[in-house]
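Just below is one structure, and these are the notes that go with it.
Just so you know, all these numbers are worked out from the coordinates, no wet-lab data involved. What you are looking at is a predicted structure, and each value in this text was computed from that prediction instead of being measured. Glycine also receives a Cβ, built like all others from the backbone with ideal geometry; neighbour counts cover every protein chain displayed.
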Amino acid sequence: MTNFLFTLPMLQLASGGSNQMVTMIVTFGLIIVIFYFLIIRPQRKKQKDTQSMLSTLRKGDKIATAGGIRGVVTAVKENTVTVKVDDNTKIEFNKSAVSSVLERKESRESAEETQE
């Protein structure tokens, strides 16, 4: 077994360098394809989903910020969102600080109608 491991590089040199070059190119190509499907593609999908979530923010939606603050959206501007976190407390955030929409206004209204 150990003899085979020592003679393998010699056999490759004897067969020619073009075969090695093709193998190396195919290997790098496979690595690039794997990186695309495991890293780049899911990241782009997540970025697209986040952009659509931020663009569909509406007054009355319940949200959570990256800092853990939860509240109800009271106003939406071009780059900022005003969130009501208590009876008399409103905080203005950048839209990028919103990490998730917990409940949409429409879904909350429909849930209340079904309970009645």
*Work through the residues other than Leu54 whose Cβ is under 13 Å from its Cβ and net out their charges, Lys, Arg +1 and Asp, Glu -1.*
+2
*For Lys84, list the lysines whose Cα falls under 25 Å from its own Cα; do not include residues on the same chain fewer than 8 positions away.*
Lys59, Lys62, Lys95, Lys105
*Efficiency of FRET between Ile40 and Ile69 - r from beta-carbon atoms, R0 41 angstrom, step 0.05*: 0.85
*On full extension of the chain, what length is gained from Ser55 through Thr82, given 0.36 nm per residue of separation minus the C-alpha to C-alpha distance?*
8.3 nm
